[in-house]
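The values are calculated or read from the model by the stated rules, or taken from the named source; none is laboratory data. Predicted model, so just to flag it, every value in this text is computed and none were measured. All Cβ positions, glycine included, derive from the backbone under ideal geometry; neighbour counts span all protein chains shown. Protein only, heavy atoms only, side chains kept; ligands, DNA and RNA dropped before computing areas. Shrake-Rupley method; radii C 1.70, N 1.55, O 1.52, S 1.80 Å.
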Amino acid sequence: MLWATAGAAALGFLIALEIVARHYGGVPGPITLQARELILPPKPGPLYGGLALMMVVLTWRQRFIAAGAAIGIDAVFVLARWVLHVNVPEGHFFGNGALWAMLGCAVLAITRRTGQERALLLKGVGLGLLLVTGRKIGDAWLLITSKTRPTVLDPYVALADHALGNPSWAAGRALEAIGPFGTQVLASVYAQLAVAAIVVALYQLRDVASERRFPRHHLVRTFLVIGLLGPAVYMIFPVVGPVFAYGPGASGTGGVQWAVANLWPHTPPPIAAPHAAPYDGITPRNCMPSLHTAWATAIFIHSRKGPRVLRYAGTFWLVATLSATLGFGYHYGVDLVAGVVFALTVEAALRTIDRGWDRSGVRLVGHGTAVFTALLLCYAFLPMRMATHPWLFGPLVLLAMASVIHGYVRTTRAWDPKPVPVLRPEPRPEPA
């Protein structure tokens, strides 16, 4: 019943997004875009990532069969497009086979499996399709933010960012000094965040096929919930980011003609009374909170119980993602603070649900929610005070984030099972 209810709610949500995307943007929504990928050239990364997640429920023999079927179907599609001289976008040469393989497993589960085996295979297919559809849902949300929020609150956030010393401006200048190699590394890390998430998730789900059940909590749950709830905050607090509001923008979006001033990254914005600024109907209002920061924080948290190489990779991905979000001018410093608090609150809520909403979990979720709300209210209503009193508000903002981090670490450590000490038999004197 729980899975059926969740499936019905997800379907209803997708239908609503489909309607809203067509109404506001005049473009197809996530359902139509996903259906098109059965035939039209798709982006292969998300589809094969979803297939990899689905295969955690399969045996090794079944995995080879599923992967072989996907590659074989893709070979047929590639050959047919080559014969018919179909114009294929760059980087979209294959990927249909992965989607067909997942749907084939769903049909197999319904027609040839029963009981727990059917449920497990359907959960695996659902997990893979959720990852694939999640990107389409995110694109629809971003379109909605750009069409329904004609003004942005960047002047408020830029003013509040003075309390932290305008870190995006400093990081932007530092990235210019590093040169093209460092820029390329950070760009790759920023763009391939989902790859890191899949690697950590595959490690967490490595025993599903042998145990025939999913673990109670894993990264994919947190990743999807962050992506689902974050855009709702975008609608409440629309922000486009320093490079768009105070810089040259980017190819195809924004630009100097829409910017409040062309200042980023060399001249911090002046301290003046903020106002909502009009912006184009293309650039997503996707800054507050920084979901890249939230996702990287979730990857860092879930990599802590892995082997050393995974822990090092999770730390690197978090540091590199924070550097990229600031250095490329996509986010302000206060966005990152809000993103960390947002991620920890979502993670705490999901773990508390699994535990049955005990007192420590409720207290942790309540604390994170209160801090996140207080941060947004300060950014919206106290930016001038934050800018004129940075030595007061800067430490307060960081202390608020640190309190959530400390509360999360202390509470979750108490939740973790304690190792049972090995009882050693007491030495007995040998008979004389």
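Brief remarks on what is shown
- Heavy-atom accessible surface of the chain: percent carbon and sulfur, 1.4 Å: 69 percent
- Solvent exposure of the chain as accessible area per residue, Å², 1.4 Å probe: 51 Å²
- The length gained on full extension between A232 and L40, counted as 0.36 nm times the residue separation minus their Cα-Cα distance, comes to 66.1 nm.
- 3J(HN,Hα) along the stretch 196-213, derived from phi through the Karplus expression 6.51 cos²θ - 1.76 cosθ + 1.60 where θ = phi - 60°, amounts to 4, 5, 5, 4, 5, 5, 5, 5, 5, 9, 5, 9, 4, 5, 7, 7, 6, 7 Hz, with x in place of Gly and Pro.
- Modelled FRET efficiency - R0 22 Å, A187 with F93, Cβ distances, 0.05 increments: 0.50
- If only the Cβ of Lys and Arg carry +1 and only the Cβ of Asp and Glu carry -1, the dipole of the chain around its Cα centre is close to 1220 debye.
- Candidates T352, T325, T222: whichever shows maximal mean-square fluctuation once the chain is modelled as a Gaussian network with Cα springs under 10 Å: T352
- Fluctuation leader among H367, H217, H85 - the chain, Gaussian network, Cα springs under 10 angstrom: H85
- Inter-label distance for L103 and A177, nm, one decimal - labels placed 7 Å from Cα along Cα-to-Cβ: 5.4 nm
- Note on F214: accessible area approximately 40 square angstrom, rounded to 10, probe 1.4 Å, nucleic acids and ligands left out.
- In order through the stretch 60-67: 3J(HN,Hα) via Karplus (6.51 cos²θ - 1.76 cosθ + 1.60), integer Hz, x for Gly, Pro: 4, 5, 5, 5, 5, 5, 5, 5
- Comparing the stretch 179-262 with the 2.2 N^0.38 Å rule of thumb, its C-alpha radius of gyration ratio is 1.59 (two decimals).
- GNM top mover of G306, G124, G339 - the chain, alpha-carbon springs below 10 Å: G306
- Cut-off under 5 Å, modelled amide H: who pairs with C287 long-range: V239
- Taking amide H as placed 1.01 Å from N in the peptide plane, V152 has its amide H under 5 Å from the amide H of A277, Y279, each at least 5 places away in sequence or on another chain.
- Extent along principal axes [Cα atoms of the stretch 1-160; Å; largest to smallest]: 57, 48, 31
- By accessible area with a 1.4 Å probe, ligands and nucleic acids excluded, highest first: order of C378, C287: C378, C287
- Square roots of five times the Cα gyration tensor eigenvalues for the stretch 59-118, Å: 29, 11, 9
- In the chain, lysine pairs with alpha-carbon atoms under 26 angstrom apart (chain gap of 8 or more, or interchain): 7
- Backbone HN-Hα couplings from phi across the stretch 102-117 [Karplus 6.51/-1.76/1.60, Hz, Gly and Pro as x]: 5, 5, x, 5, 5, 5, 4, 4, 6, 8, 10, 10, 9, x, 5, 5
- Compactness relative to 2.2 N^0.38 Å, alpha carbon Rg of the chain: 1.09
- Rough spin-label spacing in nm, given labels placed 7 Å along Cα→Cβ, for T373 and H266: 4.5 nm
- Note on T114/H85: beta-carbon distance plugged into 1/(1 + (r/R0)^6) with R0 of 35 Å gives a FRET efficiency of 0.15.
- The stretch 75-203: equivalent-ellipsoid semi-axes (sqrt of 5 x gyration tensor eigenvalues, Cα, Å): 40, 23, 18
- Label-point gap, in nm, between I65 and R216 - each point 7 angstrom along Cα→Cβ: 3.4 nm
- Computed over the stretch 342-413, the range of Cα coordinates on each principal axis works out to 44, 21, 17 Å, biggest value leading.
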